[in-house]
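The values are calculated or read from the model by the stated rules, or taken from the named source; none is laboratory data. All values reported here derive from a predicted model rather than from experimental measurement. Here Cβ is always computed from backbone atoms with ideal geometry, including for glycine, and neighbour counts include all displayed protein chains.
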Amino acid sequence: MTHPFPYVGSGTAAARKHMELWVCFRDAVPKAARKQIEAGVPAVVGGYFNWFDRVLVFGHDGDSLQWVVRAAYDHVTDETDDHEDDPEMPSNAMWKAFNADIDAWLLGAHAMHPVALFVKPIDEEYSTDTDAWHDWSCERIPTDALLVVGTLGKKHQEVGTYLAEMWRSWVEDQTFERQQELVAALTDAARAELRKRKVRFTPTAKPAELKYPTLDDSERIWKQCAAALQPMPRGMRLEDAFTAAMIERGFDPEHSLWSHHGELEKAKRIEDAIALARAAIASGVEFPTHWYTALADSLLELKRVDEAAVAITEVVANLESYSSNMLVVAMKWHRLAGEPAVEAMLYHAGREWFTSWNSEFTKTQAAGYGKRPGDLHAQMAAWFVRWCGEKYFTDLTRLPRIGHWIVWLREIHAAELQATIERERDRRVALHAQLEAATDEATARALVDQMLAYADPEDASAMFHVLRATAPLAVYAYLRGTITSEGRNDYRYPRGQRVDAIVCLTWLTLNVPALAANIEEAYEIGRGYVLINNAALHFNLACCAARLDRRTEALGHIVRALALEFPNPQQIHDDNDLASLRGDPVFERIFVDDAARRAKPAPAEDDDEIDDRPAKKKTKKKAKPAKKPAKQAAKKKAKKPTKRPAKRAATPARRRSR
């Protein structure tokens, strides 16, 4: 099927905040005709009009597109949708009507003044349900769309880059045979346009799919992992140990402990799902809110209301307005506990404060909850106190996620409790300032002991850069304590976003004589993070292993650090802590092989390859190795202190702690 012009982004587009549309006509549009074209633009995206000869850029420039669409298309209903409308979010029918109006305007404008190219952005958060016109257009990006943009001058080249990246993303989704066809069909001019925008694509056959374990295999594996776990903070957590076991056994590492839990629920093996959730939570998990919600739901499935109350307390304490399932499981608890009035109140709270709430209830169910209580805010505040008062509000010094609570209490107008928690926040800010100013171990340690009740590893790693010279023992206690509690009172990110704490912890034991006896402990703690792709982490772990005379482990960490593109291999080779390995043929060979790998030129472009991206570009969303010097890295993390650990006299360039 052919279409009148390339329309990239054709389909049902949705966005939370902004939307900017870009249209290029075949010829310059006379000023007299511009007003007529603008007049038909849907009001929602008629916030501004910028003309550039053949090009019109227009859109919604506020911070509230979803609410504007919801208000403008309030009259649109979907008789086939049995769910209650969300008071804030547009329904699918509203988004479709909004996009239909854009398309109707576009075809009308094309009839008045022929269009050469139209671009409707695909929002990264909401995405777009694209259609056949989009696919047809993507195929023609290199041969048609980029050539059009190439005639428009520098002002519009960002659109060209967007389109080139869109083409690559679209081609990656095709079969290997189709990829080959598309690349082979590129003209010289199209290749030149892609090359100019540094877009690389080489047809690649998808690797053979890794096998998945059976449900019973997964059960046996996680229980074996759990039996072998060390007490925290040493070693891996159960989630990571399970992933390591998948890799070791040749199974797909994407089969996570969480996905196994979902399969247990699907198979109605509820008792097994409960046992797994409890074991995972006890070990510390990446997203505690997910596991507590799942645990509560499973217990309620078996009508074990009293047991579920413990998990519900944690669900309520971590309630997020973007996770409607958390409030739904709390409603289920109150229903089974014989408290329909509280269940109804929570339904109206969901409509008031939660996103995507309409998808949870049919219109019939919604009608059963009656009218919104006039004192909804006060009832919600009392509900929070009922669930969290004894555990969290009686001793605010241990209250985690204090900012989370302040936001909630502000929303529900609980001014008195909010003020109390804000005073606790101010106390913590003062403690932080005192710790930064501490000049001796005793003062620093006394402050650390107070802060360990609520702090996280990010706080501790930032303080490391301030106090490692004046109070290293206190900093070590701070790091160790927050690493131990992470995953129980906050999120843990196993792919390395908070690995700084481990790097700092190991650095202290390697560089502070008074902490040398803690090297073995720090190494065992660090081993829990071996799945993380972070070059500085593996450099430090190699040094710890060598100091402990664990030669094989040290060599393995060196290989990982180099493979993760540690920027200065000579720094690793010459480090004093690795002196026992120098001269060993295996050790020396590692560096020879790495030098040869780094010297190998990037593949040259040929007729089947369109590639000008840097050769070291990694696949999407992998953890980033520490490629840049600390000063450069600090530019991206301006909130953290940027000091580097002091260098020892005998070591020209000590390992990084960032």
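Here are Met246, Met166, Met232: which of them is of a type outside the set (S, T, N, Q), surrounded by 13 or more Cβ atoms within 10 Å (Cβ to Cβ), touching a residue at least 24 places away in the same chain (Cβ under 8 Å) and not in a helix (DSSP H, G or I)?
After applying the criteria, what remains is Met232.
Are there any pairs with C-beta distances below 9 angstrom linking a residue in the stretch 178-204 that is within 18 Å of His156 (Cβ to Cβ) to a residue that is in a loop (DSSP other than H, G, I, E, B) and of a type outside the set (D, E, K, R), with the two at least 6 apart or on different chains, and if so which?
Glu193/Val199; Leu194/Leu186; Lys198/Pro614
Quick check on Glu177: is it in the same structural domain as Asp135 (by TED's automatic domain parsing), within 25 Å of the chain's Cα centre (by Cα) and acidic (Asp, Glu)?
no
For the stretch 122-148, enumerate the residues that are of a type in the set (S, T, N, Q) and either surrounded by fewer than 19 Cβ atoms within 10 Å (Cβ to Cβ) or more than 18 Å from Trp95 (Cα to Cα) (or both).
Ser127, Ser137, Thr143
Could you check the stretch 65-97 and list, in sequence order, the residues that are aliphatic (A, V, I, L, M), more than 28 Å from the chain's Cα centre (by Cα) and farther than 19 Å from Thr130 by Cβ? Don't jump to the end; show me each part of the working.
Just the residues of the stretch 65-97 that are aliphatic (A, V, I, L, M), to begin with: 65, 68-69, 71-72, 76, 89, 93-94, 97.
Subset that is more than 28 Å from the chain's Cα centre (by Cα): 71-72, 76, 93-94, 97.
If the condition is that a residue be aliphatic (A, V, I, L, M), more than 28 Å from the chain's Cα centre (by Cα) and farther than 19 Å from Thr130 by Cβ, then Ala71, Ala72, Val76 are the ones that fit.
Filter the stretch 338-375 down to the residues that are in a loop (DSSP other than H, G, I, E, B) and either closer than 20 Å to Asp81 by Cα or in contact (Cβ under 8 Å) with a residue 24 or more places away in the chain (or both) and list them by number.
Answer for the stretch 338-375, where residues must be in a loop (DSSP other than H, G, I, E, B) and either closer than 20 Å to Asp81 by Cα or in contact (Cβ under 8 Å) with a residue 24 or more places away in the chain (or both): Phe354, Thr355, Ser356, Phe361, Gly368, Tyr369, Gly370, Arg372, Pro373.
Return the residue satisfying two criteria in turn: it lies in the stretch 1-58 and is without any contact (Cβ under 8 Å) to a residue 40 or more places away in the chain and under 19 Å from Arg70 (Cβ atoms), and of such residues it is surrounded by the fewest Cβ atoms within 10 Å (Cβ to Cβ).
So, considering only residues that are without any contact (Cβ under 8 Å) to a residue 40 or more places away in the chain and under 19 Å from Arg70 (Cβ atoms), the one surrounded by the fewest Cβ atoms within 10 Å (Cβ to Cβ) is Ala43.
Taking the condition over 31 Å from the mean Cα position of the chain (by Cα), in a helix (DSSP H, G or I) and among the β-branched types (Val, Ile, Thr), does Thr397 pass?
Answer is no for this residue.
Of everything in the stretch 52-85 that's assigned to a helix (DSSP H, G or I) and in contact with a Phe, Trp or Tyr (Cβ under 9 Å, 6 or more places away or on another chain), which residue is farthest from Phe98 (Cα to Cα)?
So the residue we want is Gln66.
Are any residues in the stretch 430-488 of a type in the set (A, V, I, L, M, F, W, C), closer than 29 Å to Tyr292 by Cβ and free of Cβ contacts under 8 Å to residues at least 40 places away in the same chain, and if so, which ones? First the steps, then the outcome.
Kept after step one, since they are of a type in the set (A, V, I, L, M, F, W, C), are these residues of the stretch 430-488: 430-431, 433, 435, 437-438, 442, 444, 446-448, 451-453, 455, 460, 462-464, 466-467, 469, 471, 473-475, 477, 479, 483.
Now drop any that are not closer than 29 Å to Tyr292 by Cβ, which leaves 431, 448, 451-453, 455, 460, 462, 477, 479, 483.
If the condition is that a residue be of a type in the set (A, V, I, L, M, F, W, C), closer than 29 Å to Tyr292 by Cβ and free of Cβ contacts under 8 Å to residues at least 40 places away in the same chain, then Leu431, Val448, Met451, Leu452, Ala455, Ala477, Leu479 are the ones that fit.
For every residue, the table says whether it meets (1) among the aromatic types (Phe, Trp, Tyr); (2) over 16 Å from Glu320 (Cα atoms).
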| position | (1), (2) |
| --- | --- |
| Trp353 | yes, no |
| Ala366 | no, yes |
| His377 | no, yes |
| Cys388 | no, no |
| Arg427 | no, yes |
| Val448 | no, yes |
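Kindly establish whether Lys266 is among the basic types (Lys, Arg) and not assigned by TED's automatic domain parsing to the domain that holds Leu238.
Details: among the basic types (Lys, Arg): yes; not assigned by TED's automatic domain parsing to the domain that holds Leu238: no.
So Lys266 fails the test.
Among the residues of the stretch 341-358, is there at least one that is over 27 Å from Met94 (Cβ atoms), touching a helix residue (DSSP H, G or I) at 6+ places or on another chain (Cβ under 8 Å) and not acidic (Asp, Glu)?
Checking the stretch 341-358: at least one residue is over 27 Å from Met94 (Cβ atoms), touching a helix residue (DSSP H, G or I) at 6+ places or on another chain (Cβ under 8 Å) and not acidic (Asp, Glu).
Can you tell which of Gly389, Gly403 is surrounded by fewer than 14 Cβ atoms within 10 Å (Cβ to Cβ) and touching a residue at least 12 places away in the same chain (Cβ under 8 Å)?
Gly403
Does the stretch 289-315 hold any residues that are farther than 25 Å from Ile221 by Cβ, surrounded by 20 or more Cβ atoms within 10 Å (Cβ to Cβ) and either among the β-branched types (Val, Ile, Thr) or assigned by TED's automatic domain parsing to the domain that holds Glu219 (or both), and which are they?
Ile312, Val315
Which numbered condition in (1) among the small types (Gly, Ala, Ser); (2) part of a loop (DSSP other than H, G, I, E, B); (3) in contact with a strand residue (DSSP E or B) (Cβ under 9 Å, 6 or more places away or on another chain) is the only one that Ser321 fails?
(3) is the only condition that Ser321 fails.
When only residues in the stretch 531-571 that are touching a residue at least 40 places away in the same chain (Cβ under 8 Å) and aliphatic (A, V, I, L, M) count, which is farthest from Pro457 (Cα to Cα)?
Here the answer is Leu564.
Going by the conditions given, is Gly235 modelled with pLDDT of 90 or more, of a type outside the set (Val, Ile, Thr) and touching a Lys or Arg at 6+ places or on another chain (Cβ under 7 Å)?
Considered against the rule, which asks whether it is modelled with pLDDT of 90 or more, of a type outside the set (Val, Ile, Thr) and touching a Lys or Arg at 6+ places or on another chain (Cβ under 7 Å), Gly235 comes out as no.
When you scan the stretch 271-288, how many residues do you find that are modelled with pLDDT of 95 or more and surrounded by fewer than 16 Cβ atoms within 10 Å (Cβ to Cβ)?
2
Any idea how many residues of the stretch 1-40 are assigned to a strand (DSSP E or B) and of a type in the set (A, V, I, L, M)?
Number of matching residues: 5.
If you take the residues of the stretch 196-229 that are surrounded by 17 or more Cβ atoms within 10 Å (Cβ to Cβ) and assigned to a loop (DSSP other than H, G, I, E, B), which of them is modelled with the highest pLDDT?
Among them, the one singled out is Pro213.
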